[in-house]
Amino acid sequence: YSKTIAIDKGYLDLQFFPESGELVHGISSLVGFKALDCNGKGKKVEGEIVNGKGEVITLFESNELGMGTFTLANVNSAANYSARLLPVPEGGLAKMYPLPKVASKGNVLSVKKDWDRINLKAFSNYLKNDSITILASCRGIAYYSINGHPKKDSLAFSLPASVLPEGIIAFTLMDAQMQPVAERLYFNERPESRVNIAITSDKEYYMQREPANLTIEATDSEGKPANASLSVL
């Protein structure tokens with residue numbers, strides 16, 4: 001018999017996830033974060049992001065599940081960034097949680113949905129005169145390939161959300177040699193394309209090993225019959 005005991009019940013695991021993978025010098029980045037307590041459950045937190053000099057760069061606050069985002073503008077590879085939780089303990093020192101180190105050279109791929117369109121913006125601090133390509137794929141199938149030259153260190157474009165399937169879309173940024181240099185995963189929600197499944201049984205209760213007859217109905221978002229390939233476990 002074994003049991004795990006939390007020695008420090010005030011322990012907090014604060015994790016940071018820069019958009020498309022890393023913080024890059026001179027580029028503003030969206031940073032996602034997640035706060036977990038000693039039991040591995042999400043915990044609501046708020047605080048401030050400070051640099052190595054103790055200057056406050058921005059504030060952050062999570063939802064009830066301990067997750068949220070904040071934006072870091074024009075990060076510097078010569079600086080170290082940390083998160084400091086609020087309120088600071090009276091008479092004590094606030095615990096500092098370091099952010100990922102800033103890369104001196106790199107790329108950032110930003111994805112944001114605005115109503116029915118998906119807006120993408122690619123940033124680079126070294127691919128300034130090269131041709132870059134952004135590939136949009138889902139479940140191993142490539143749907144779009146966009147090619148262009150960065151203007152003022154960035155390339156921006158948008159796609160209608162309806163032209164991509166529902167699910168996880170991988171947007172991959174590639175250089176002129178078609179080598180991937182950044183990637184951003186995005187979940188494309190399309191409720192209108194979902195199949196609604198209703199299951200009813202012929203009885204409310206069954207004896208052990210008694211056959212059960214199920215009626216399965218698949219409809220689209222408008223309630224009309226939909227063709228579907230189903231499996232039952």
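Residue by residue, here is whether (1) among the small types (G, A, S); (2) loosely packed, with under 15 Cβ neighbours inside 10 Å; (3) at pLDDT 95 or above; (4) within 16 Å of L120 (Cα to Cα) holds:
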| position | (1), (2), (3), (4) |
| --- | --- |
| R139 | no, yes, no, no |
| Y143 | no, yes, yes, yes |
| I146 | no, no, no, yes |
| K151 | no, yes, no, yes |
| E166 | no, no, no, no |
| T172 | no, no, yes, yes |
| L185 | no, yes, yes, yes |
| R190 | no, yes, no, no |
| S193 | yes, yes, no, no |
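Taken as a whole, the structure places S137 among residues that are assigned to a strand (DSSP E or B) and closer than 15 Å to N188 by Cα.
Name the single residue, out of those in the stretch 96-117 being assigned to a loop (DSSP other than H, G, I, E, B) and among the charged types (D, E, K, R), that is least open to solvent (accessible area, probe 1.4 Å). Looking at the filtered set, the residue picked out is D116. The residues of the stretch 57-68 that are of a type in the set (A, V, I, L, M), under 15 Å from M96 (Cα atoms) and either surrounded by 13 or more Cβ atoms within 10 Å (Cβ to Cβ) or at pLDDT below 95 (or both) amount to a single one, I57.
Select, from L93, L12, L72, L86, the only residue that is at pLDDT below 95 and open to solvent by less than 40 Å² (accessible area, probe 1.4 Å).
On the way: L93 fails: open to solvent by less than 40 Å² (accessible area, probe 1.4 Å); L72 fails: at pLDDT below 95; L86 fails: open to solvent by less than 40 Å² (accessible area, probe 1.4 Å).
Just one listed residue meets the conditions, L12.
So that you can scan it fast, the table gives a plain yes or no per residue for (1) more than 19 Å from the chain's Cα centre (by Cα); (2) more than 21 Å from G32 (Cβ to Cβ); (3) not charged (D, E, K, R):
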{"site": "A122", "(1), (2), (3)": "no, no, yes"}
{"site": "L127", "(1), (2), (3)": "yes, yes, yes"}
{"site": "S137", "(1), (2), (3)": "no, yes, yes"}
{"site": "D153", "(1), (2), (3)": "yes, yes, no"}
{"site": "I168", "(1), (2), (3)": "no, no, yes"}
{"site": "V181", "(1), (2), (3)": "no, no, yes"}
{"site": "N188", "(1), (2), (3)": "no, no, yes"}
{"site": "S193", "(1), (2), (3)": "yes, yes, yes"}
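The values are calculated or read from the model by the stated rules, or taken from the named source; none is laboratory data. If you're wondering where the values come from, they're calculated on a predicted model, not measured in any experiment. Because the Cβ atoms are built from the backbone with ideal geometry, glycine has one as well, and the counts that use them run over all protein chains shown. Accessible surface is based on the protein model in full, side chains and every heavy atom, while ligands, DNA and RNA are left aside. Shrake-Rupley method; radii C 1.70, N 1.55, O 1.52, S 1.80 Å.
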